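**Student:** A single structure is presented below for examination.
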Amino acid sequence: MVIRRVLAPRIDFGALRRELELPEGFPPAAQREAEAAAAAPPRPAVDHTDVPFVTVDPATSRDLDQAMHLARRPGGGFRVRYAIADVAAHVRPGGALEEETWRRGQTVYLPDGNVPLHPETLSEGAASLLPGEDRAAVVWTIDLAPDGGTVGVALERALVRSRAKLDYVGVQADADAGRLPEPIALLPELGALLTARGLRRGAVNLPLPEQDVEPDGDGWRLMLRGPGPD
């Protein structure tokens, strides 16, 4: 992995926040709705808490909105389960929180913090796929043939429970050492298969570096991390 560092003086991002008219907090009514939803989270009827999902995110992140589990199908091929945090299930239609999320549209990330789409009570708490916690999610179950072709897709709202919070650097190190945990042990094999399949049909794959802006004393540090091998 190649890492480059570029240093810059301290920058005040307040002007950018003002220019983009980014809100500093949530309206009281929206915040109250979020806290009420966190206190009584949804519990979908379908239960997939037996599936050992794991999340892969930056090491310090608590906004965990994706989880996965990879397995071999008994008849050959693969089964990919992919869970997305069902944040919408926590938002009352027509309420103050829904109105505020429509106004924001997305989470805006800045080097000195972010402006979240949903209150942290949900995004980093009751709706986040934190390990060991039952959470509402939208789950895709994708069955693949031995050659990587899709043979079946199912989509459902379900209750899930992540088993571990993994991070990108640790996962790459485990992959290089051949010791990936069971829920994602097939990742190198399946990734290579799908990459080769995509290249055969002319897909374009741009290995762009990961970019992070981090505090560095009185200034900022731009980190460029080259992608690891497929």
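**Student:** Name every residue in the range 122-168 that is in a strand (DSSP E or B) and acidic (Asp, Glu), in order of residue number.
**Tutor:** Residues satisfying the conditions are Asp134, Asp143, Glu156, Asp167.
**Student:** Would you check which residues across the range 197-217 are touching a strand residue (DSSP E or B) at 6+ places or on another chain (Cβ under 7 Å) and outside any strand (DSSP E or B) and list them? Before the answer, list the steps.
**Tutor:** The first filter runs over the range 197-217 and keeps only residues touching a strand residue (DSSP E or B) at 6+ places or on another chain (Cβ under 7 Å), leaving 209-214, 216.
Result: Pro209, single match.
**Student:** Just name the residue that is surrounded by the fewest Cβ atoms within 10 Å (Cβ to Cβ) out of those in the range 77-110 that are outside any helix (DSSP H, G or I) and among the aromatic types (Phe, Trp, Tyr).
**Tutor:** It comes out as Tyr109.
**Student:** So, of the residues in the range 44-76 that are part of a loop (DSSP other than H, G, I, E, B) and small (Gly, Ala, Ser), which turns out to be farthest from the chain's Cα centre (by Cα)? Give the steps one after another, and end with the answer.
**Tutor:** Looking only at the range 44-76, we keep the residues that are part of a loop (DSSP other than H, G, I, E, B), and these are 44-45, 48-52, 58-65, 73-76.
The next check asks that each one be small (Gly, Ala, Ser); those that pass are 45, 59, 61, 75-76.
Working: Ala45: 23, Ala59: 12, Ser61: 9, Gly75: 30, Gly76: 29 Å.
Among residues in the range 44-76 that are part of a loop (DSSP other than H, G, I, E, B) and small (Gly, Ala, Ser), the one farthest from the chain's Cα centre (by Cα) is Gly75.
**Student:** Which one of Gly132, Gly113 is on the phi > 0 side of the Ramachandran plot, at pLDDT 95 or above, surrounded by fewer than 18 Cβ atoms within 10 Å (Cβ to Cβ) and not aliphatic (A, V, I, L, M)?
**Tutor:** Criteria check complete, one pass: Gly132.
**Student:** Taking the range 50-76 as the search range and keeping residues that are crowded, with 17+ Cβ neighbours inside 10 Å and out of contact with any Lys or Arg (no Cβ under 9 Å at 6 or more places or on another chain), which one is nearest to Gly148 (Cα to Cα)?
**Tutor:** Out of the qualifying residues, it is Asp65.
**Student:** Within the range 169-185, identify whether any single residue is crowded, with 17+ Cβ neighbours inside 10 Å, part of a strand (DSSP E or B) and at pLDDT 95 or above, and answer yes or no.
**Tutor:** no
**Student:** I'm trying to understand the selection: among the residues of the range 6-39, which are at pLDDT 95 or above and not in a helix (DSSP H, G or I)?
**Tutor:** Step one: filter the range 6-39 for residues at pLDDT 95 or above, giving 26-39.
Answer for the range 6-39, where residues must be at pLDDT 95 or above and not in a helix (DSSP H, G or I): Phe26, Pro27.
**Student:** OK, next. Leu194 - would you say it is among the aliphatic types (A, V, I, L, M), in a helix (DSSP H, G or I) and at pLDDT below 95? It would help to see each step written out before you state the result.
**Tutor:** Details: among the aliphatic types (A, V, I, L, M): yes; in a helix (DSSP H, G or I): yes; at pLDDT below 95: yes.
So Leu194 fits the description; yes.
**Student:** Now, a different point. Given the criterion of a type in the set (Lys, Arg) and under 19 Å from Gly76 (Cβ atoms), identify the matching residue among Arg197, Arg157. Break it down into steps so the answer makes sense when it comes.
**Tutor:** Values: Arg157 fails: under 19 Å from Gly76 (Cβ atoms).
Only one candidate passes the filter, namely Arg197.
The values are calculated or read from the model by the stated rules, or taken from the named source; none is laboratory data. All of these numbers come straight from a predicted model, not from anything done at the bench. Glycine also receives a Cβ, built like all others from the backbone with ideal geometry; neighbour counts cover every protein chain displayed.
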